[in-house]
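Here the structure comes first, spelled out in structure tokens, and everything after it is commentary.
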Amino acid sequence: MRTVVGVWRWRRNPLCRATDLGEAWLALAAVVLLLVAVPVVGWIGASSTDEALHRAVRFQHQRSHPTTATVLGPRDAGLLPTAHRDHDPDTGAAEERRRAVAASWTGPDGRVHSGTLFVAVRTPRAGDTFPVWTDREGRIVPRPMEFTSIRAHAVLAGIGAAVATALLVECVRRLVLRHLIRRRFADLDRAWAAVGPDWGRAGAGS
């Protein structure tokens, strides 16, 4: 902004070069984009992410059915199939410190299923219960994302979009500024080449 104000004040000064005006307009455009475009892009990114996550979470909740599994005993890999390790849908990280147990659960169709599941219990005992999610056929599926976590993901997406836009604006500004500086030095070289041979010579007007 200091560059913009200074050049605008001395824009009619004969010493003000075209590259100086170009640099001032470049700085003004960058400031406007940072103050207007960056927040708009961040808001659009957050809104789009929020809408997409709401659709995805609604779909997850439609295809996932909560039920309760009962621990039958220690895992017996030779008799029971192993269900996949669950992941935290809100963080995307695998849930650690889970123990494999043989368990049974009832699917939405009323049929009883059994298999090896992972439970967040240090010492699971037969008869212990824990919540699980299944599909329509009773197969174990990951826990769906909670609606309450959507806002945090949307905010992070909006911040990321805003930061990326700001970096893009700054990169473009620096590239254009570099071009203006090279053009300025080229103009100085041409001017010096025109008057250099006659510099200091009497009657040369220098």
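Laboratory data are not the source of any read-out in this text; all were calculated from the coordinates shown. It should be emphasised that the depicted structure is a prediction, and the values quoted were computed from it without experimental measurement. Cβ: placed from backbone, ideal geometry, glycine included. Neighbour counts: every protein chain shown.
In this calculation the C-beta distance from Thr68 to Arg151 is compared with R0 = 25 Å, giving a FRET efficiency of 0.30. Extension gain, Ser104-Val36: 0.36 nm per intervening residue step, less the Cα-Cα distance, totals 18.8 nm. For region 122-162, list residues with backbone N below 20 Å from a point placed 7 Å from the Cα of Trp43 toward its Cβ? Once the point is set 7 Å along Cα→Cβ of Trp43, 151-162 turn out to lie under 20 Å by backbone N, inside region 122-162. Using 0.36 nm per residue and subtracting the Cα-Cα separation, the extra length available between Asp135 and Arg184 on full extension is 10.9 nm. When peptides 142-149, 26-33 are sorted by average Cβ neighbour count within 10 Å, with the highest value leading, the order is 26-33, 142-149.
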